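Here is the structure we will look at.
The values are calculated or read from the model by the stated rules, or taken from the named source; none is laboratory data. Just so it is clear, the structure is predicted and the values come from calculations on it, not from any experiment. Reconstructed Cβ throughout: ideal geometry from the backbone, glycine too, with neighbour counts over all protein chains shown. Remember, those area values only see protein heavy atoms, side chains included, never the ligands or the DNA or RNA. Shrake-Rupley method; radii C 1.70, N 1.55, O 1.52, S 1.80 Å.
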Amino acid sequence: MQKRYESKNIPIEILRSFVTVVETGSVTLAARQMNLTQGAVSQQLRRLTELSDQKLFARDGRHIVP
């Protein structure tokens, strides 16, 4: 029997970071809100990009948009 798709488990912390970045429009603001470093949030977003095989954000000046 063939698999139609390969399931991917995404850790909830990564999803929370993604949602917070979308809500704030900034990795820095999201990091402050979540009490994490900017680097930690950036790493989580890189991991989510790898897991999804999709570009998640575009830059709009100093802000990022989904």
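Summary of values
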| item | result |
| --- | --- |
| Whole-percent carbon and sulfur share, accessible surface of the chain, 1.4 Å | 49 percent |
| Distance in nm between pseudo-label sites at Val19 and Arg59 (7 Å out along the Cβ direction from Cα) | 2.8 nm |
| Net charge of Cβ neighbours under 14 Å - reference Gln44; Lys, Arg +1; Asp, Glu -1 | +1 |
| Pair Arg46, Gln33: separation of 7 Å Cα→Cβ label points (nm) | 2.3 nm |
| Relative contact order [Cα under 8 Å, 6+ residues apart], region 15-66, whole percent | 35 percent |
| Accessible area in square angstrom per residue, the chain, 1.4 angstrom probe | 81 Å² |
| Residue-by-residue Karplus 3J(HN,Hα) for region 24-31, coefficients 6.51, -1.76, 1.60, Hz, glycine and proline x | 8, x, 8, 5, 5, 5, 5, 4 |
| Answer label, with Rg and Dmax of the Cα atoms in Å calculated from the coordinates and candidates (i) 13.4, 49; (ii) 10.8, 32; (iii) 15.9, 56 | (i) |
